[in-house]
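Read-outs: derived from the displayed coordinates by stated rules, not from any lab. Bear in mind the structure is a predicted one, so any value in this text is a computation, not a measurement. In this analysis, Cβ positions are derived from the backbone assuming ideal geometry, glycine residues included, and neighbour counts consider all displayed protein chains.
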Amino acid sequence: MAEKLDVDRLTVQVTNLRTEERKLANSIDVTIATLKYQIGMPLKQQIILTDTLDVNQVKNIGEDGSFTYNNRIEFQMLDAQKRANEYDLKRYKLAHLPTLAAFANAGASRQSNTFNYFKSEMWYGYVAWGLNLNVPIFNGNQRRRQTDQAFLRLEKSEVDLDNIRQVIDMERETSAITFKNNVLTLDAQDQNMHLAQDVLESTRIKYREGVGSSIEMITAENDLLTAQSNYFAALYEAIKAKIAYLKANAKL
């Protein structure tokens, strides 16, 4: 025997659960469509996801201590710019030095009133060679100003490298702390979800034996749904934190 009020309460609970089920199904469809769009796959083409999410894999970051700043693409770009500025400064410094260049030129020619150049006629050869000495004396201090500007660009490149090192260090430290905290939160929500599951099982037993009420059942089910929602939210944040950590350590 059950009161009509209990039946109505359970009916409302079942309806709410079915509504949430439809929302989750729609969310899955939207997520799959977004995935197809991100990978450039036609939306009408069928896709089957075979992998499963391993929580232990999420918690494992595979730290091996092999990080170097040169693994980050931002550092590589600034380092390449610094090397280019070093060559630029060297170019202007060497421009103050005298230069000595040798040249040589050789050839043959002939003239004729008719087009008979392919016959065995006499061709007149010539050879020219020499040396070209360039001694910079004064050019209005232009080279000096160019050298100073190249030196300042090189100094700026070194400052940029120091700044990017500090930014990378901050990102690595922040991402590591955030990831550890999110893993702790994930473990706590996992324990809370299992505890809510145990409470629901005990409440069901009491209700079947006639010593519990439908209100206790509804409350226990709502608590379990809340705990599950918090667990998956914590899992999502842990995955985001892991991706940020791998990105900061140039492992992604």
With -39,500 (n - 2.57) per DSSP H segment of 4 or more residues and division by the full residue count of the chain, the 222 nm estimate, nearest 500 deg cm²/dmol, is -23500 deg cm²/dmol
The exposure ranking of Met41, Met217, fewest beta-carbon neighbours within 10 Å first, is Met41, Met217
Per its Cα gyration tensor (rounded if a/c is under 1.5, else prolate when a/b beats b/c, else oblate), the range 24-77 is best filed as oblate
Dividing the mean separation of Cα pairs under 8 Å (6+ apart) by the residue count of the chain yields a relative contact order in percent of 25
Note to self: C-alpha centroids of the range 53-74 and the range 173-201 sit apart, in Å, by 21
Expressed in nanometres to one decimal, the distance between label points 7 Å along Cα→Cβ at Ile205 and Arg110 is 11.8
Candidates Gln38, Gln228, Gln142; GNM for the chain (alpha-carbon contacts under 10 Å) flags as most fluctuating Gln38
Mean Cβ-within-10 Å packing, highest first, puts peptides 17-24, 189-196 in the order 189-196, 17-24
Connecting every pair of Cα atoms under 10 Å apart in the chain and solving the GNM, the largest mean-square fluctuation among Ala104, Ala188, Ala150 falls on Ala104
Per the 1/(1 + (r/R0)^6) rule, R0 = 45 Å and r from the Cβ atoms of Leu225 and Lys93, FRET efficiency to 0.05 is 0.05
Ignoring chymotrypsin sites (Phe, Trp or Tyr not before Pro) buried by more than 15 other Cβ within 10 Å or outside DSSP loops, the longest site-free run in the chain is 139-252
Of the candidate values (i) 0.98; (ii) 1.41; (iii) 1.07, the one computed for Rg/Rh (Cα atoms, Kirkwood Rh) from this structure is (ii)
A student applying the Cα gyration tensor rule (rounded when a/c is under 1.5; otherwise prolate if a/b is larger than b/c, oblate if not) would label the range 120-252 prolate
Checking the range 173-252 for GluC sites (Glu not before Pro) in a loop per DSSP with at most 10 other beta-carbon atoms within 10 Å yields Glu209
Taking Cα atoms only, helix 73-94 is inclined relative to the longest principal axis of the chain by an angle, in degrees rounded to 10, of 20
